[in-house]
Each structure stands twice: as C-alpha cells, then as structure tokens.
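Right, one structure below, let's go through it.
Throughout, read-outs are computed from the coordinates displayed, never taken from laboratory work. As the structure is a prediction and not an experimental result, all values here were calculated from the model. Cβ coordinates were reconstructed from backbone atoms using ideal geometry, including for glycine residues, and neighbour counts include every protein chain displayed.
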Amino acid sequence: MDGLLDHGSSPGPHLRTAAATALRGVRVVLTDIDGTMTRAGRIPAEVIAAAGQLAAAGVDVFPVTGRSAGEALGLARYIPSFRQAIAENGGVLVVPDQAIVFLRPTVDAAQMARAAQSLGGGSWRLAPCSAFRLTDQAFERDGRSDAELDAARDAAAAMGLCLTWSSVHIHLTLEPPDKGAGALRVLAQTGVDPLAALAIGDAPNDEGLWQSGRFGFAVGTADVTHCWQRLRHRPTYIVGQAAQGWCEMAAILLDTHGIVS
C-alpha cells in the first residue's frame, strides 16, 4: 500500500522499484520541509522518529528548505537528527553556533516588496517570516493558481528578478533560487559524493533537487503531480503524499540498510 499514491495517475515509478543495491549507497537525504515532511503545517512525530532512525543508520538528514534562515536554524538546533540546514531555497547554510554561510547575494527587502506590487494579480502580502530572511523575500500565495504564478514568474523575469513558489510561499530573489546548487556546494565542501544523496521534495522550488545528474536519486511526493506539466526538472521516482510519502521513503532506505522501521 503506497499511502495516497494513485499508480494510475502517477507520472513515475514508486521509489520501491529502484535497485536495492543503489539505495544501499545513499548516505544523505536532502529534504524539503513544507509539504514534504509536514502534515497540516507541522512535522509529525512519525517523521521525526523516521529521521532519527535514518541518522542512527548512518544516513544524514539534511533539510534544504524555502523557509527563512532563522526558521531553518531553529530546525537544525532542536530536531536531533538535523545538524545543519540550507534555507531560502539555496540561499544560505545555517549550522548552530556557527556563522551563516551565504550561498547567494542578500536582497533589499523594500526593493523586493515594491517589485512584487508591480507583478499584477492583486496585492502581494509579505509573509510574516520575511523579517527573518536574508537572500529572498517571501509572499503569501493567497490562493494564486500555478497558472497565475507562471504569469508572475514571467513578469518578474522581465524585471530582472527570479520568482519561484512552494506549497506555502512565493519567493523573489536577485539570482535564480536553486536548492540543488546550494546543496552541491555544501556537499563538495564536506567531501560527500552527490551520487550518494537522495533528494526529495514536492513543489516547483524543489526543481534544483531533481535536476538530472546532480544527485543519486530524485524523488517527489505524490503532490508533485499537480504541477508536473510546469516543471522543467522532474523527479525520477514518486512516493505517497507529504509526510506519509516521506515515511515511505525512509522505510525503503532503512530496509535496504538492514534496519526494520
């Protein structure tokens, strides 16, 4: 049983069809947070427990999130299996008690807010977390459809800005937001082979994690089917929806590592 995944509408094979010998080589999980590890906006206990099991089995769980640097630092400090996090869609690396590492230029918050109001589609409300952001500004989705966000992305590009979105926020940056590029830089500095990484996400701002050839496994939760046709880079494998799918992924990895979840 694959949770809420409907194989009839799935755009790709389930992760459990991947070769066990290859999955056994996974040493790090690069994971989105919102919509991927969460249920109703929270990381449920079973996901935290599964992440802890992965860490105990020698698989590093490395958040790569669109959340602000401040929020990501809290995750890295207080969730035991998280030691560090990449925040703001590849913008910064945060490690508790260490200086922030910038992976992309900082932005002028007022400039981004003014630019957003020129994108059309009604008023643009800053997300409350914007006060804690360094390399982008985040706005509430306010019910905007993916088609509306496609138009906003084109309008932003015409202004020399970059726009992407997650399940919760719309992000404006000076340079292309790219979770995968940020993760590659950090892995290179720590000597981890990117082909030993499994990357998992659910939304357009996770495309950098799915770009072909970057990481060993590119995985999407079943929620990715809603934006599949708009993605430039797509996951190879699919799991169930949101937190349930994340737990499926963890169970498959634990099984290949000889751990009963």
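I'd like the Kirkwood hydrodynamic radius of region 46-130, using the inverse of the mean 1/r over distinct C-alpha pairs, in Å.
On the way: mean 1/r = 0.0685 Å⁻¹.
By the Kirkwood definition, the hydrodynamic radius is 14.6 Å.
Relative contact order (percent) for region 210-261, with alpha-carbon contacts under 8 angstrom and 6 or more residues of separation?
Across region 210-261, relative contact order equals 31 percent.
Which shape class, rounded, prolate or oblate, goes with region 120-249 when its Cα gyration tensor gives a ≥ b ≥ c as root eigenvalues, a/c under 1.5 marks rounded, and past that a/b bigger than b/c marks prolate?
Values: a/c = 1.88, a/b = 1.42, b/c = 1.32.
Prolate.
Please report the equivalent ellipsoid semi-axes of region 109-173, computed as sqrt(5 x eigenvalue) of the Cα gyration tensor, largest first, in whole Å. Write out the running numbers ahead of the final one.
On the way: eigenvalues 52, 37, 21 Å².
They are 16, 14, 10 Å, listed from largest to smallest.
Running a GNM on the chain with Cα contacts under 10 Å, which residue among Met37, Met249, Met112 ends up with the highest mean-square fluctuation?
Top of the fluctuation ranking is Met112.
At a threshold of 8 angstrom on Cα-Cα distance, excluding pairs fewer than six apart, so keeping six or more, what relative contact order does the chain reach in percent?
Details: 544 pairs, mean separation 65.0, N = 261.
Computed over the chain, the figure is 25 percent.
For the residue pair Arg27 and Gln189, what label-to-label distance in nm results when each label sits 7 Å from Cα along the Cα-to-beta-carbon direction?
So the two model labels end up 1.8 nm from each other.
Calculate, in whole percent, how much of the Cα-Cα pair population of the chain lies beyond 27 Å. Walk me through the numbers on the way to the answer.
Numbers: 10929 of 33930 pairs.
More than 27 Å apart: 32 percent of the Cα pairs in the chain.
How high is the relative contact order of region 94-206, in percent, counting Cα pairs under 8 Å that sit 6 or more residues apart?
On the way: 122 pairs, mean separation 24.9, N = 113.
Relative contact order of region 94-206: 22 percent.
Provide the gained length on full extension for the span Ala131 to His226, in nm with one decimal, where the gain is 0.36 nm per separating residue minus the Cα-Cα distance. Could the numbers behind the result be given before it?
Working: separation 95, 0.36 × 95 = 34.20 nm, distance 3.02 nm.
In short, 31.2 nm is gained.
First measure r as the distance between the Cβ atoms of Glu140 and Arg16, then evaluate 1/(1 + (r/R0)^6) with R0 = 35 Å and state the FRET efficiency to the nearest 0.05.
FRET efficiency, Glu140 to Arg16: 0.45.
Multiplying the sequence separation of Thr106 and Glu175 by 0.36 nm and subtracting their Cα-Cα distance, what value in nm do you get? Don't skip to the answer; put the middle values down first.
On the way: separation 69, 0.36 × 69 = 24.84 nm, distance 0.97 nm.
Here the answer is 23.9 nm.
Return the long-range amide H neighbours of His14 (sequence gap of 5 or more, or a different chain), with a cut-off of under 5 Å between placed amide H atoms.
Ile238
Taking N as the number of residues in region 72-116, what value does Rg over Cα atoms divided by 2.2 N^0.38 Å take? It would help to have the intermediate numbers written out before the result.
On the way: Rg = 12.8 Å, N = 45, 2.2 N^0.38 = 9.3 Å.
In units of the globular-protein estimate, region 72-116 measures up at 1.37.
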